Each structure stands twice: as structure tokens, then as C-alpha cells.
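> Got a structure for you, questions after.
The values are calculated or read from the model by the stated rules, or taken from the named source; none is laboratory data. Nothing here was measured: the structure is a model prediction, and the numbers come from that model. Note that each Cβ is placed from the backbone with ideal geometry, even for glycine, and that neighbours are counted across all protein chains shown.
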Amino acid sequence: MILNALDEVLFWEDIPLLKTFMEKIVSQYYPHDPETYFNEKKAFMMEHIPDRNEFIKRMEYYINNGSPVWVSGRNSLGEEITFDDLQKAILSNVTIQNGKSKADMASVLLAKEPELWDYYTSNIMHASKNTICELTIGAGLGTAAVMRVMKDSDLYIGVDIDFLCAKNADAIAKYFGVNGLGIAASLWNLPFDNEMFTTVCCNQGLEECREIPIILSEASRILEHSGKMVLRCKNLEGTTWYSYFEKYGFSIEETRLWLRKLRLYSDVGQIEEIASQTGLKLLDRKSDEGVWSILVFEKR
């Protein structure tokens, strides 16, 4: 299943309705017929959210009633995963061959912007012995960037709410032969002790998450004193939900305001503000104003 955080916000009163519909169109059209898939989803959205007033009504409901409880549905396994499904996913996803495939795809993208990725990974690998927690593994681009420069003494743990994304990290770790593990867990209640990691990193994942303040607070909690948090973030127009607001006639400034009220990702400035409230100080920033920014924080 393919849901983004704004889908979950807009259908917070009836997540089963959204999941049932998404399961249907994913099985029928994705990924082999993306045009029909997106047209069907657009028609569904317009049926249930026909105008700006309904859009605002649903956002206001989430602001008052939404919570950081994990809503599954990021892949077809969902939260109803059976042992057989789990076993099949591990056997197919956690292999050196799958890790090589992911690493090869990542290497093509990493090679296009070597300066960017050198900056990202050099800030992550700042200690003589690094313990790294990556949030939102996804397809594993940031994971591969980190693992290819890890030393034998370093340790990596990646967290994603999607089981299959977590297994991507396992496969990539096998391929590179490093001490690495991916786990599926809540980003809002990370299963780690305080000050456990020298680095927390995230490559363009916060833009897909709900409850950003809680995620950043948890990330700060597990980061040791003088540890670094390295976040690569998209600009607003590159996020998956910008087009939603554009479609319903919101300006960029109105969109930013609503996203902050919804506790979703609104812009890099929001991340800086929240991080500063959790004991983190911005050390450096590298930006391409049209696409992305990398923020480097230190825990004080």
C-alpha cells in the first residue's frame, strides 16, 4: 500500500475506508499502470473531499483528535502480517543479492552529487566509533550512502514503520558487510535508551511523516551529548502533499501554516525551530534552495 501522511490526516476518522480503497487500486494498477492508479486515487479524493471547506474540516478534525499512533498500510503486509508473510519477506528481502541491487541503484544516484553525499556522510561519521540511528529507511539511498563508508567498529540501526523498508537496511548491510540492522518500530516511541547514539540521521524522510515534533524530540532523546543529528530535507514544493494544497487553492504561505498546525513537515525553518527546542544547536547547513537542505545539529 502507498499512503502518505496527509492521506492519514484527511481520513483520520475512517482509516479502514482509505486502506480498503488503496488495497484495491494497488493490487489492480500499481506499479504497472500508474496513470490509472493516480486517476482512481484522484477520483476517490474528490468524491470524499469535494471542496476546500471539506478539506479544512478534515484538517481541523486531525488537529484536535490526531495522535502519533502508528497507522500501518505503507505496504501490502499492513499490521495484519502473518508468520508466513513475515518469513517470505525475510527470505526475499534480506539477501546479499537484494542488497547489491539496492546498493547498485543507490550508487548511480550518489555518483551524480558526490559533494552533497560526502558532506552528508562526513558529518554522520564524526566519531572514532560511530553508533548511528537512521530514521525512515525507505528504499535505502541514505542507508547505502552511510554503509559504504562505515568502519568495522561502527554500528548502524535503521528504523522505519514499514517492515519491508526496514528489511532493505538488513540487505544493504549484508552486501557491504557492516554491523547494521533495520527494524520496524514506532518513530514516536523509539525503542532505545537515552543518549544511545553518536549520530541520528534521516534522508528525506521527515517530509513523509506525521507528528514531526514528537519524532524530533525522540531523536534528540536517543542522541548522546555532543552527538550530531544530520537531516536532509526537501523544500516544500518537493513534498508529496504540496500538490494536495495547490489543488484546493491554498497559497504556499497558507500551506505552510496549515502543515505546522497539523504537525506535519512544512519547511526547513520548522525543523530548525523544533530542533532548537529539544536541546539541539544548528552547526551548519548546506542548501540547494530549489531542491533540498542538509541540516547539521549538535546536542548541547
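> With respect to the numbered conditions (1) surrounded by fewer than 24 Cβ atoms within 10 Å (Cβ to Cβ); (2) part of a loop (DSSP other than H, G, I, E, B), which one is the sole condition not fulfilled by Ile157?
Condition (2) is where Ile157 drops out.
> Shifting gears a bit: Look through region 202-218, keep the residues that are within 19 Å of Asn123 (Cβ to Cβ) and surrounded by 22 or more Cβ atoms within 10 Å (Cβ to Cβ), and return whichever of them is nearest to the chain's Cα centre (by Cα). It would help to see each step written out before you state the result.
First, pick out the residues of region 202-218 that are within 19 Å of Asn123 (Cβ to Cβ): 202-206, 216.
Retained after the next criterion (residues that are surrounded by 22 or more Cβ atoms within 10 Å (Cβ to Cβ)): 202-203, 205-206, 216.
Details: Cys202: 7, Asn203: 8, Gly205: 3, Leu206: 5, Leu216: 12 Å.
Per the criteria, the residue is Gly205.
> What is the number of the single condition among (1) part of a loop (DSSP other than H, G, I, E, B); (2) surrounded by fewer than 18 Cβ atoms within 10 Å (Cβ to Cβ) that Lys261 does not meet?
(1)
> A further question on this structure: How about region 186-201: which of its residues are surrounded by fewer than 17 Cβ atoms within 10 Å (Cβ to Cβ) and either modelled with pLDDT under 95 or assigned to a strand (DSSP E or B) (or both)?
Selection gives Ser186, Asn189, Pro191.
> Say we look at region 5-46 and pick out the residues that are loosely packed, with under 15 Cβ neighbours inside 10 Å and of a type in the set (Gly, Ala, Ser); which of these is farthest from Thr239 (Cα to Cα)? Quick ask: steps written out before the conclusion?
At the first step, the residues of region 5-46 found to be loosely packed, with under 15 Cβ neighbours inside 10 Å are 13-14, 16-17, 20, 23-24, 27-28, 31-36, 38-39, 42-43, 46.
If we keep only those that are of a type in the set (Gly, Ala, Ser) too, we end up with 27, 43.
Values: Ser27: 25, Ala43: 21 Å.
Going through the qualifying residues, I end up with Ser27.
> Which is closer than 26 Å to Phe297 by Cβ and buried (at least 21 other Cβ atoms within 10 Å of the Cβ), of Ala166, Ala139, Ala127, Ala171?
Details: Ala139 fails: buried (at least 21 other Cβ atoms within 10 Å of the Cβ); Ala127 fails: buried (at least 21 other Cβ atoms within 10 Å of the Cβ); Ala171 fails: closer than 26 Å to Phe297 by Cβ.
Sole residue among the options that is closer than 26 Å to Phe297 by Cβ and buried (at least 21 other Cβ atoms within 10 Å of the Cβ): Ala166.
> Let me ask something else about it. Identify all residues within region 110-148 that are out of contact with any strand residue (DSSP E or B) (no Cβ under 6 Å at 6 or more places or on another chain), outside any loop (DSSP other than H, G, I, E, B) and of a type in the set (Asp, Glu); write none if there are none.
Glu115, Asp118
> Given the condition in contact (Cβ under 8 Å) with a residue 40 or more places away in the chain and at positive phi, answer yes or no: does some residue in region 120-143 qualify?
yes
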